[in-house]
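Since the structure comes first, as structure tokens, the remarks are kept for the end.
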Amino acid sequence: MKPGASTGQWNAADYARVGSFVPELGAAALDLLDPRPGEHILDVGCGDGALTRKIIARGASVVGIDNSVDMIDAAKAAGLDAHLLDAAAMRFDTEFDAVFSNAAIHWMLDRQAVAAAIFRALKPGGRFAGEMGADGNIATLRRGIRDELEARGYPVPAEDPQWYPTVEQFRGVYGPAGFTDIDARIIPRETELASGIAEWVKTFRAGWLDAAQVPEAERDEVAAAIERRLEPQLRRPDGSWFADYVRLRFIMRKPA
């Protein structure tokens, strides 16, 4: 679902089943964007288009991009103007009134190129709004995954392949790209996982399991073991599961 030098691997059906909370909780970022009738908007990391459709419902025309074939196929099947494209490689030039991105920028490892491409895509005076993972995002989850994989002897990469910045680090990328009036805030958000930890791991960390060379035939067992390891921290007394999400919500402008 996430374009721009992403290490993610996505299955649209699994994402719709396990990750439905992502577009649901993206409503706050969508309200920050405040799409208006007649605007032309770019959705960066549109996935299957769940939030793209909500932007369209507010009267805007929307182009969606993503680097996941499966997600773009799902978006196109829903009738959306969606394109298989890496955000860092975008060549839109002053075409959009606004750019939106939800739960995607943290997958884009070529962050300066992505920021420059988004800046270039906007008309003068245009805005960029959205939400992404922030410093400390899913720290407990990530530690549990790493500990279980290391205990099993898998060759775990030294660094997690996501960018979860502080506000200062985020500004340090988007300010030099040319944006002004950058309003970026950290939002701690304990997030319900109705499907549990194991399903989340198999859906949201499939690419990480690839990087750690976990065979497909062993993934159910490994994911279940990660869930057991994290039960004391991430399962409530009533039996429900949650993830320790921390978000960075932002809006900024390209100078007029």
* To do: Within the chain, what's the longest run with no trypsin sites (Lys or Arg not before Pro) in a DSSP loop and at most 16 other beta-carbon atoms within 10 Å? Give the range, please.
  => 153-256
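Considering Cα pairs under 8 angstrom that are at least six residues apart, work out the relative contact order of the chain and quote it in whole percent. Let's see the in-between values first.
Values: 560 pairs, mean separation 60.5, N = 256.
Relative CO of the chain lands at 24 percent.
Where does the chain land on Rg(C-alpha)/(2.2 N^0.38 Å)? Please report the intermediate quantities before stating the final value.
Details: Rg = 18.0 Å, N = 256, 2.2 N^0.38 = 18.1 Å.
Ratio of Cα Rg to 2.2 N^0.38 Å: 0.99.
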* Go ahead and estimate [θ] at 222 nm for the chain from helices alone: -39,500 (n - 2.57) per DSSP H run with n ≥ 4, summed, over the residue count, rounded to 500. => -11000 deg cm²/dmol
* With each label point set 7 Å from Cα along the Cα-Cβ vector, what nm distance links residue 183 and residue 224? -> 4.9 nm
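Once you have the Cα-Cα distance between residue 61 and residue 91, take 0.36 nm times their residue separation minus that, and quote the gain in nm to one decimal. Don't skip to the end; give the middle numbers.
Values: separation 30, 0.36 × 30 = 10.80 nm, distance 1.87 nm.
The residue 61-residue 91 span can extend by a further 8.9 nm.
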* **Lys, Arg +1 and Asp, Glu -1 on Cβ, resulting dipole of segment 66-193 about Cα centre, debye, nearest 20** => 220 debye
* Asked: Helix 139-151 versus the longest principal axis of the chain: what angle, 0 to 90°, nearest 10, using Cα atoms?
  -> 40 degrees
* Asked: Spin-label point model (7 Å from Cα, Cβ direction): what's the residue 34 to residue 143 distance in nm?
  -> 4.0 nm
* Asked: So which aspartates and glutamates pass the test for residue 54, namely a Cα distance under 19 Å, with those fewer than 8 places away in the same chain ruled out?
  -> 24, 31, 34, 39, 43, 66, 73, 81, 97, 131
* To do: Determine which aspartates and glutamates satisfy two conditions relative to residue 202: a Cα distance under 13 Å, and not lying fewer than 8 residues away in the same chain.
  => 14, 210, 216, 218, 220, 221, 227
* To do: Pairs of Cα atoms under 8 Å, at least six residues apart: use those to get the relative contact order of segment 109-221, whole percent.
  => 34 percent
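How would you classify segment 198-256 from its alpha-carbon gyration tensor, with a ≥ b ≥ c the square roots of the eigenvalues: rounded for a/c under 1.5, else prolate if a/b is greater than b/c, otherwise oblate?
Details: a/c = 4.22, a/b = 1.51, b/c = 2.79.
Because a/c hits 1.5 or more and a/b fails to exceed b/c, segment 198-256 counts as oblate.
In square nanometres, what is one fourth of the surface area of the convex hull spanned by the alpha carbons of segment 44-114? Intermediate results must be reported in sequence, preceding the final value.
Numbers: hull surface 18.6 nm².
For the Cα atoms of segment 44-114, the hull's average projected area reads 4.7 nm².
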* Asked: Once all Cα-Cα distances of segment 112-256 are split into 10 Å bins that start at 0, what whole-number percent is in each one?
  -> 11, 34, 27, 20, 8, 1
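Bear in mind that the values in this text are calculations on the coordinates, not laboratory data. These numbers come from a predicted model, not from an experiment. Because the Cβ atoms are built from the backbone with ideal geometry, glycine has one as well, and the counts that use them run over all protein chains shown.
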